[in-house]
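Shown below is the structure under consideration.
Read-outs throughout are calculated quantities, based only on the coordinates presented, and are distinct from any laboratory measurement. Computed from a predicted model, the values in this text were never measured in an experiment. No Cβ is skipped: glycine too gets one built from the backbone with ideal geometry, and neighbour counts run over all protein chains shown.
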């Protein structure tokens, strides 16, 4: 088998592994979201989203970007499947995770009153922030374990840790929401976080490292490079969280908590359910890219392959989503949430551009191009915030979907120009031909939504689902032997 086919096989096999896990994670998330929608409604969902946004900002500040920086350093140092080559780095990453987790917990407690006042306009949720502060410690400890699994590319263990952590978090959440309804919000956040931590510990311990004691001097000296990149990632992540946080506050001021709930529900569909495919693909993609970051030609090949698979996988998902969106909203939420459909339909078109710009964006991180990374992070987040404010002000929830689409269009062209100038990265004509066909099919399906006759509309949209699926399978078969790939996946699942 050629190197190209092997690479495509690896991408699809890893995506299928995490795609399967993410599918069940989505089911778990749907059940959790349904419970929230039934028991506490849009206003309760607004409270959850605001609490999570605020706590994520504190976590973003205090985490020092260990989640991504740790993966890069472990991947770069892992040579010839020798665990001893990364035992020191692993010990440092875990120590940093503990220290940053404690820092986040203490910071949340200290600023709990201020967070409540800023987020909700009053001090009623001060103790909520005090209680959920412990989740920042749990999350950082969990990250310390999962970063090791991902950096070493132990994908099966990583997948199991993610799946069981989510599953048991849900199982413990159900009775809490049933009996205590809106009062269960804080306990549920804590229980879900603790569940994820316990399973990350369990599966991480299956990898046996040489026991190493890290001195404070060694932690400072050898952890400096991890922290340096991590701080840049922290600032970037903080800008994104801050942008999301500000737009939620803005929506809350203009439209109330219910509108925040609708906003959160719509972008949960986009980012957590449709966008989760990026999580599945990036699990192996980033460590792989980081390991070859010094070789531009290999980087280009890897990014092109990842982008190709990304658009082929996301295209039929977008078309199916556009076809079934009214049913999806009613199943996942309740009929009260039907007003988010226009926002979601515009937003989901953005996923085609996000799929490719997402693949290109990892080049900057893998290469450690800190100066350009920070410039793009600041610029793009400023554009996103500006577009969201304009979109909601003029067109309400639908305007947020439009702004999401426009932003990722700008994001795609911006990264295309940047990566070409700095790393001589480019896509060939063959890629653009496939890309334009995928874009055309998605836009055609979007426009079919406006046909007034429901029988004709859904008949044509069903045809588009079939056509896109056939097209995708045909194109993937040209790049790799699908029969051999399926046999490999089945054999792996039977092992």
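If each DSSP helix of 4+ residues adds -39,500 (n - 2.57) and the sum is divided by the residues in the chain, what number results at 222 nm, nearest 500 deg cm²/dmol?
Using -39500 (n - 2.57) per qualifying helix, the result is -29500 deg cm²/dmol.
Seen from all sides and averaged, what is the projected area of the convex hull of the Cα atoms in the range 330-375, in nm²? Let's see the in-between values first.
Values: hull surface 19.7 nm².
Mean shadow area of the hull around the Cα atoms is 4.9 nm².
Can I ask one more? Please compute the length gained on full extension between residue 271 and residue 88, using 0.36 nm multiplied by the number of residues separating them and subtracting their Cα-Cα distance.
62.4 nm
Using every Cα-Cα pair within the range 315-401, state what percent have a distance larger than 14 Å.
Here the tail beyond 14 Å accounts for 73 percent of pairs.
Related question: What's the extension gain from residue 371 to residue 217 if we count 0.36 nm per residue and subtract their Cα-Cα distance?
Once the chain is fully extended between residue 371 and residue 217, it gains 52.7 nm.
Further question: Give or take rounding to whole Å, what are the principal axis extents of the alpha carbon atoms in the range 259-391, in descending order?
Here the spans come out as 52, 31, 18 Å, largest first.
For the range 107-186, what D do you get in µm² per second when you plug the Kirkwood radius from alpha-carbon pairs into Stokes-Einstein at 25 °C and 0.890 mPa s? Numbers along the way, then the final one.
Details: Rh = 14.9 Å.
The calculation lands on 165 µm²/s.
Place the peptides 349-355, 449-455, 427-433 in order of packing, highest mean first, counting for every residue the other Cβ atoms within 10 Å and averaging per peptide. Display every interim value, and only then the final one.
Values: 349-355: 24.6, 449-455: 9.7, 427-433: 11.3.
Ranking the peptides 349-355, 449-455, 427-433 by packing returns 349-355, 427-433, 449-455.
Shifting gears a bit: Extent of the chain along each principal axis, from alpha carbon coordinates, in Å, largest to smallest?
71, 62, 46
Taking other Cβ within 10 Å of each residue's Cβ, how do 330, 94 sort, fewest first?
Numbers: 330 13, 94 22.
Ordered from fewest to most neighbouring Cβ atoms within 10 Å, 330, 94 come out as 330, 94.
If you don't mind, another one. Label points 7 Å out from Cα along the Cβ direction at residue 378 and residue 178: separation in nm?
5.2 nm
Multiply the residue separation of residue 433 and residue 231 by 0.36 nm, subtract the distance between their alpha-carbon atoms, and state the gained length in nm to one decimal.
68.8 nm
Shifting gears a bit: Arranged by the count of other C-beta atoms within 10 angstrom, fewest first, what order do 88, 119 take?
Exposure proxy ranking, most exposed first: 88, 119.
If each residue's Cβ is checked for other Cβ atoms within 10 Å, how do 155, 45 rank with the fewest at the top?
The most exposed by this proxy come first: 155, 45.
Then there's this: Sort out for me the Cα centre separation of the range 101-134 from the range 233-259, rounded to whole Å.
If you average the Cα positions of each part, the centres end up 17 Å apart.
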